[in-house]
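The values are calculated or read from the model by the stated rules, or taken from the named source; none is laboratory data. Values in this document were obtained by computation on a predicted structure and should not be read as measured data. Here the Cβ positions follow ideal geometry from the backbone for every residue, glycine too, while neighbour counts run over all protein chains shown. Each accessible area value is taken on the protein alone, full model and side chains, heavy atoms only, with ligands, DNA and RNA left out. Shrake-Rupley method; radii C 1.70, N 1.55, O 1.52, S 1.80 Å.
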Amino acid sequence: MIKICHMTSAHKSNDVRIFHKQCTSLAKAGYDIYLVAQGESYEANGVKIVGVPKVTGGRLKRMTQGAKSVYKKALEINADIYQIHDPELLPYALKLKKKGKKVIFDSHEDLIDSILDKSYMPMFLRRLLYFIFKIYYKIIIKKYDAVITVTPHIYDKLVKLNKNTYIISNSPIINTHDEIKTYTVSRNIIYAGGITNQWCHHFIIKSLENCNDVKYVLLGLGSEKYLEELRSQPEWKSVEYLGKIPFEEVRESFNKSSIGMAVLMYSGNTDYKNGTLGNTKLFEYMSEALPVICTDFVLWKEIIDKYNCGICVNPNNTEEISAAINYLLDNPEVAREMGQNGRRAILEEFNWGIEEKKLIELYKAL
């Protein structure tokens, strides 16, 4: 049996893409699967999770001490194939190559251009790091046996450096026993996920001043500083902030809502206005049969237009956001049809079952 080891120093052991999608799929396909990550050791879904001590003290320690401990533990496993998921593991992957191992790098995002989006660093430092890492990245990426990415614009860059590059998108896992979903007519719009500036909550909340009797249901965690900024807006009175709640209650909130909000700002990681398929938010709402109000990325607009499953808006334009909200809430039959169209798109085209086959074929080809 071929032994495979996935390595992450930045993600939790139950990460959806790494554990629930890739590792679980490989285990089902008959591979001997290990996952090295910070935290406890345990076994689930046929995957052996091998824990390493959690690193405290900030991002730099995680990227140095954390990465080194993950590498040491992964080396003990003595796998045939290793797959790494974080940029700080790139140099350790080369060490594995020198030991005769096959190595895959999974680029979850645009690692080069996203450096310029790192607001926690001064701009001059971002530009310096961008320049240095761009040179290093172009040299190192050629050395891996295969490279995985999530969206076309990153693929186009990487395939020029490594011909064994594959797109394996972050499509959702669907429950085929739950193919029919009903649409609830309500005045609730919903967002579930990390509450950060990139999801334009300040613009969405501002847009509510032009919407009557609308409740913006916010699920997830955010920094206290950012939440305070949102609470200071007069329209916060129309927000119901629930924080982090159990999965069953998240589904219940979806079932009580009429629109999913996926308004993501333009950035280097989204290839600016072109967009990315690496982010799952759009697909999550489509899977729940909710019509979507989303950013007018080229990639997302193609999906919305093809399936007629939502409305695209400029993420910086509160008038467009409020007009889209009002249209869908005032036309519940149109909204219901869009939601069902989105669900059909997930069942037919944008689901992990399709991406899983690509992953298995990649491993068979190594």
Residue satisfying all of: in the stretch 42-85; closer than 19 Å to residue 17 by Cα and in contact with a Gly (Cβ under 9 Å, 6 or more places away or on another chain); surrounded by the fewest Cβ atoms within 10 Å (Cβ to Cβ) among these: 42
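Here is a yes/no grid of residues against (1) open to solvent by less than 10 Å² (accessible area, probe 1.4 Å); (2) modelled with pLDDT of 95 or more; (3) assigned to a loop (DSSP other than H, G, I, E, B); (4) charged (D, E, K, R):
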residue: 269; (1), (2), (3), (4): no, no, no, no
residue: 277; (1), (2), (3), (4): no, no, yes, no
residue: 289; (1), (2), (3), (4): yes, no, yes, no
residue: 304; (1), (2), (3), (4): yes, yes, no, no
Residues of the stretch 21-31 that turn out to be touching a residue at least 24 places away in the same chain (Cβ under 8 Å), of a type outside the set (Ser, Thr, Tyr) and open to solvent by less than 30 Å² (accessible area, probe 1.4 Å), as a count: 4
Pair list, Cβ < 8 Å and 6+ apart or interchain, from the stretch 57-71 residues that are closer than 15 Å to residue 39 by Cα to residues that are surrounded by fewer than 17 Cβ atoms within 10 Å (Cβ to Cβ): 69/53; 71/95
Selection count, the stretch 336-366, where residues are open to solvent by less than 20 Å² (accessible area, probe 1.4 Å), in contact with a Leu (Cβ under 8 Å, 6 or more places away or on another chain) and of a type in the set (Val, Ile, Thr): 0
Residue, surrounded by the fewest Cβ atoms within 10 Å (Cβ to Cβ), within the stretch 137-161, restricted to residues that are more than 30 Å from residue 197 (Cα to Cα) and free of Cβ contacts under 8 Å to residues at least 40 places away in the same chain: 139
The stretch 314-335, subset open to solvent by 40 Å² or more (accessible area, probe 1.4 Å) and aliphatic (A, V, I, L, M), residue nearest to residue 169 (Cα to Cα): 334
Leading residue by the ranking (most open to solvent (accessible area, probe 1.4 Å)) among those in the stretch 90-116 that are touching a strand residue (DSSP E or B) at 6+ places or on another chain (Cβ under 6 Å) and not small (Gly, Ala, Ser): 102
Conditions (1) of a type outside the set (Asp, Glu); (2) without any contact (Cβ under 8 Å) to a residue 40 or more places away in the chain; (3) in contact with a Ser or Thr (Cβ under 7 Å, 6 or more places away or on another chain): number failed by residue 290: (2)
Options 363, 327; residue that is without any contact (Cβ under 8 Å) to a residue 24 or more places away in the chain and hydroxyl-bearing (Ser, Thr, Tyr): 327
Residue match in the stretch 224-231 (condition: surrounded by 18 or more Cβ atoms within 10 Å (Cβ to Cβ) and either more than 20 Å from the chain's Cα centre (by Cα) or not basic (Lys, Arg) (or both)): yes
Candidate set from the stretch 232-263 (those that are basic (Lys, Arg) and closer than 13 Å to residue 192 by Cβ); member that is farthest from the chain's Cα centre (by Cα): 256
